[in-house]
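Report on one structure; see the data block that follows.
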Amino acid sequence: MSFLPGGMGHTTGAFVPGVADSQAFPFHIWKRLIARHLSKGNLALSGYANHGGLSQLREAIAGYLKISRSVNCEPAQIIITSGTHQSVDLCARLLADVGDTAIVENPCHWAFPTVFAASGLEVAGGNVNDYGLDLENSYVPPRTKIVVVTPSHHYPTGVVMPLSRRLELLQSARAHNLWVIEDDYDSEFRYDGAPLPSLQGLDNDGRVIYIGTFSKAMFAGVRMGFLVVPSHLSKAFSRASTKLFRPGALHLQAALADFIYEGHFSQHIRKMRGEYSSRQDLLRFSLEKSLGDIVRLSSARAGLHVFAQFSADVNYQSVINESKREGIFLGTPCFVKNIPALENRCFVLGFGEYRLRKLRPVCNL
Ligand SMILES: Cc1ncc(COP(=O)(O)O)c(C=O)c1O
């Protein structure tokens, strides 16, 4: 299958989407916690990780998710992974057969079609409107097994899925007997009001697999994420993760458990929520001031990017090339099938990595 990959191959710089500000991360604390667990006195943590990961970390994550995301789970349902790609890969291998189909949102994060295609799955694009993925009005091919959704903050259009659409989506997934992968990657960063509860917490059917990552709340290179699987799948997922990936890095898992238990994780999120909120306001203000009506911005004040949609075609390649010459790398969405109203008209503008004093000149303020 072929799809139209977005992105720009850059992982750093002004407007690169979805990158957290690692300069603001408390590395001094992180280093201290790693040193605590990486020593001759703690050789138990120098071996392989079995059973889905270190139990202290799985407990810490379960506790955090219950309180902050209304996720209903026991630690045994949590499988530690090396991030979203590996989480999706495990789902593709365990929940579908080669030749089955996975529905992804169109447009979507490039990782989903890439990983599914690598596992031999067909990929179909589901329709996204102002309420998020509209599965009920999307074509569901006969051998579809999986649907992936980003309800907290659709990547890239920034739509937040309201409760009514969440319930409708679960109903539609039940009617088609699909597994639902809920990628909750941006949920920590909602700037006006409390986030909506997760799909997983609304699921009475045991069909939602919840995926989380520490790339945004900590830093991209930490490469730790997790799955929350329904309890009847936990043994199969933990066995598969152990056998396929032979994971390790238990000292990092122990450090992360302490980082959460000692309150550093919540404290860092609270600090960054304020920071990112100001950066997003600045970017929005600047875009509206300089471009006015010719650009429509995603409305939700959330996440680490703003989605900018122009009212007419822009000379895409020339804008991208011109910006590159200025050292600015503009992100573009990944489409699974063409959407004429969006293609050649939209950019994904990340603001996570740049501090206000650096962002101001780039925004011409
Ligand atoms: C929709 C979405 N999910 C997840 C991630 C995080 O992926 P990872 O855990 O591989 O860093 C991103 C990163 O930009 C993303 O855009």
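The values are calculated or read from the model by the stated rules, or taken from the named source; none is laboratory data. All of these numbers come straight from a predicted model, not from anything done at the bench. For neighbour counting, all protein chains shown are included, and Cβ atoms are generated from backbone atoms with ideal geometry for every residue, glycine included.
Here are some notes:
- The range 181-200, residues that are out of contact with any strand residue (DSSP E or B) (no Cβ under 9 Å at 6 or more places or on another chain), more than 15 Å from the ligand (Cβ to nearest atom) and touching a residue at least 60 places away in the same chain (Cβ under 8 Å): P197
Quick grid of which residues meet (1) touching a helix residue (DSSP H, G or I) at 6+ places or on another chain (Cβ under 7 Å); (2) closer than 29 Å to R166 by Cβ; (3) crowded, with 17+ Cβ neighbours inside 10 Å:
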{"residue": "M218", "(1), (2), (3)": "no, yes, yes"}
{"residue": "M224", "(1), (2), (3)": "yes, yes, yes"}
{"residue": "F237", "(1), (2), (3)": "yes, yes, yes"}
{"residue": "A249", "(1), (2), (3)": "no, no, yes"}
{"residue": "A257", "(1), (2), (3)": "yes, no, yes"}
{"residue": "G263", "(1), (2), (3)": "no, no, no"}
{"residue": "M272", "(1), (2), (3)": "yes, yes, yes"}
{"residue": "I294", "(1), (2), (3)": "no, no, no"}
{"residue": "S299", "(1), (2), (3)": "no, yes, no"}
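- Once the range 201-231 is narrowed to residues that are under 13 Å from the mean Cα position of the chain (by Cα) and among the hydroxyl-bearing types (S, T, Y), the residue that is farthest from the ligand (Cβ to nearest atom) is Y210.
- Selection of first residues in the range 145-165 that are under 16 Å from F307 (Cα atoms) and of second residues that are assigned to a helix (DSSP H, G or I), restricted to Cβ pairs under 9 Å at least 6 apart or on distinct chains, gives the following pairs, ordered by first then second residue: P151/R165; P151/R166; P151/L169; S152/R69; M161/L169.
- Residue in the range 107-128 that is modelled with pLDDT of 95 or more and within 21 Å of P197 (Cα to Cα) present: yes
- Answer from P142, P151, P156 - the residue that is more than 13 Å from the ligand (Cβ to nearest atom), part of a loop (DSSP other than H, G, I, E, B) and either touching a Lys or Arg at 6+ places or on another chain (Cβ under 9 Å) or not acidic (D, E) (or both): P142
- The listed residue being within 16 Å of the ligand (Cβ to nearest atom) and of a type in the set (A, V, I, L, M), out of I78, I67: I78
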